[in-house]
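Derivation of every value follows stated rules applied to the coordinates shown; laboratory data play no part. Note that the coordinates shown come from a computational prediction; the quantities given were computed from them, not determined experimentally. Quick reminder, even Gly has a Cβ in these numbers, built from the backbone with ideal geometry, and neighbours come from all protein chains shown.
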């Protein structure tokens, strides 16, 4: 018996079925041949697609990894990235505390 649920089956249209599947997902390709004549064969092909932006992100990641030591010592990077993130988080925490304080007074 197949592993595909009853509502998960897809019909073949025009004698072929083409579907893109993620290489990171867990998928099972289950083929049901209801009433297939044994004289005819079943052909299954798969093709891996080259995606260029993954190579770009790999190169960017290697460059950042190589420059991590000097970037972590940079004061310019600290003040341009870490400080705005800290300020935004402080504002969000203050808003959350104010909201919780208002809500606690409205219930009691």
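Calculate the spin-label point distance for residue 98 paired with residue 66, positioning each point 7 Å from the Cα along the beta-carbon direction, and give it in nanometres.
4.7 nm
Test of understanding: what is the full-extension gain from residue 21 to residue 9, defined as 0.36 nm times their sequence separation minus their Cα-Cα distance?
Result: 2.8 nm gained on full extension.
Once R0 is set to 22 Å, what does the formula 1/(1 + (r/R0)^6) return for the Cβ-Cβ distance between residue 81 and residue 54, expressed as a FRET efficiency to the nearest 0.05?
Plugging the Cβ-Cβ distance into 1/(1 + (r/R0)^6) gives 0.35.
Rounded if a/c is under 1.5, else prolate if a/b beats b/c, else oblate: with a ≥ b ≥ c from the C-alpha gyration tensor eigenvalues square-rooted, which is region 45-108?
Oblate shape, in that a/c is at least 1.5 and b/c is the bigger or equal ratio.
Quick check on the exposure proxy: order 46, 70 from fewest to most C-beta atoms within 10 angstrom.
So the residues, fewest neighbours to most, are 46, 70.
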